[in-house]
1. Among Leu56, Leu104, which is assigned to a helix (DSSP H, G or I) and among the hydrophobic types (A, V, I, L, M, F, W, C)?
2. Assuming Ser81 fulfils every condition listed in (1) within 16 Å of ligand 2 (Cβ to nearest atom); (2) modelled with pLDDT of 95 or more apart from one, which condition is it?
3. Take the conditions out of contact with any Lys or Arg (no Cβ under 7 Å at 6 or more places or on another chain) and assigned by TED's automatic domain parsing to the domain that holds Arg10 and apply them to Ala48. Does it pass?
4. I'd like the residue in the range 194-206 that is surrounded by 12 or more Cβ atoms within 10 Å (Cβ to Cβ) and assigned to a strand (DSSP E or B) and, out of all such residues, is nearest to the chain's Cα centre (by Cα).
5. Which residue, of Leu101, Leu114, Leu108, Leu137, is farther than 24 Å from Ile160 by Cα and buried (at least 17 other Cβ atoms within 10 Å of the Cβ)?
6. Cβ-Cβ distance below 6 Å, separation of 6 or more or different chains: which pairs start in the range 29-57 with a residue that is over 15 Å from Leu11 (Cα atoms) and end on one that is within 12 Å of ligand 2 (Cβ to nearest atom) and among the β-branched types (Val, Ile, Thr)?
7. Within the group Cys162, Cys176, Cys196, which residue is touching a His at 6+ places or on another chain (Cβ under 7 Å) and farther than 30 Å from Lys87 by Cα?
8. Any idea which residue in the range 130-164 is farthest from Ala191 (Cα to Cα), counting only those that are of a type in the set (Lys, Arg) and outside any loop (DSSP other than H, G, I, E, B)?
Amino acid sequence: MKRIAIRNLRLCTKDCLCLYVCPTGASDTEDSIIDTSKCIGCGSCSDACPSGAISLVPAEYPAQQRKSEKVMDVMEKLAASKASEEKIASMLSADESAPNLKRLLKALKQSARLSAEDIMREGGYMLPQSGNSLSLLSRLADEPSQGFPKEAAKELLSSIRCNDGGYEPPSAMYKCERCFTEFESSSGDKAVCPMCGAEGNHLKPI
Ligand code: SF4
Ligand code: SF4
């Protein structure tokens, strides 16, 4: 299985050993994100890193194990109840008059968040590439809700490739303003004209 190196920027102390041992220069980048197109997965960087900041991960993850509809349904309900517990604890903890109660509510809030995250992973949402994770993200991006980063969600949806066939990105019609071809694409902002290769501002949704 092909592996690639990833760097945890919170642990990295910058500019040290991985830069010297990497045979391809993949670890030496301006933004500190390892260049996966150059990485050959040799692991020298991770062996040399004194901070444990580099891990080797599969370049392609296998499809996630399927859960039954019934299990997914129960897990989603449980996670929703944890999310509302978190919301209630958050509202109550705004009261500054009882510092001990505030601390307890803060801990409850954190515990509800961690439980919800764990339930969602167990419920079949471990991999961002899985069909059910992408379908959920797509639902969230379409629903009217305050504060949800819809644009970021749409960008993720157009950049993550589904690895189990469980999610089909919606397609849209475009007209290329360079060669006037009309075509259908499900790649969102990354759509490319099949006739002349134009992209970005040259393509208008129709
Ligand atoms: S795994 Fe090898 S090629 Fe990839 S970044 Fe680390 S040292 Fe460089
Ligand atoms: S060796 Fe580790 S700590 Fe040093 S720059 Fe590389 S990733 Fe960061």
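The values are calculated or read from the model by the stated rules, or taken from the named source; none is laboratory data. Just so you know, these numbers come straight off a predicted model, no measurement behind them. For neighbour counting, all protein chains shown are included, and Cβ atoms are generated from backbone atoms with ideal geometry for every residue, glycine included.
1. Values: Leu56 fails: assigned to a helix (DSSP H, G or I).
Leu104 is the lone residue from the list that is assigned to a helix (DSSP H, G or I) and among the hydrophobic types (A, V, I, L, M, F, W, C).
2. (1)
3. Values: out of contact with any Lys or Arg (no Cβ under 7 Å at 6 or more places or on another chain): yes; assigned by TED's automatic domain parsing to the domain that holds Arg10: yes.
Criteria met by Ala48.
4. If we take residues in the range 194-206 being surrounded by 12 or more Cβ atoms within 10 Å (Cβ to Cβ) and assigned to a strand (DSSP E or B), then Glu199 is nearest to the chain's Cα centre (by Cα).
5. Numbers: Leu101 fails: buried (at least 17 other Cβ atoms within 10 Å of the Cβ); Leu114 fails: buried (at least 17 other Cβ atoms within 10 Å of the Cβ); Leu137 fails: farther than 24 Å from Ile160 by Cα.
Going through Leu101, Leu114, Leu108, Leu137 in turn, just one is farther than 24 Å from Ile160 by Cα and buried (at least 17 other Cβ atoms within 10 Å of the Cβ): Leu108.
6. Asp35/Thr29; Ser44/Val21; Val57/Ile6
7. Values: Cys162 fails: touching a His at 6+ places or on another chain (Cβ under 7 Å); Cys196 fails: touching a His at 6+ places or on another chain (Cβ under 7 Å).
Every option except Cys176 fails the conditions.
8. The first filter runs over the range 130-164 and keeps only residues of a type in the set (Lys, Arg), leaving 139, 150, 154, 161.
Narrowing further to those that are outside any loop (DSSP other than H, G, I, E, B): 139, 150, 154.
Numbers: Arg139: 21, Lys150: 19, Lys154: 14 Å.
Among those that are of a type in the set (Lys, Arg) and outside any loop (DSSP other than H, G, I, E, B), it is Arg139.
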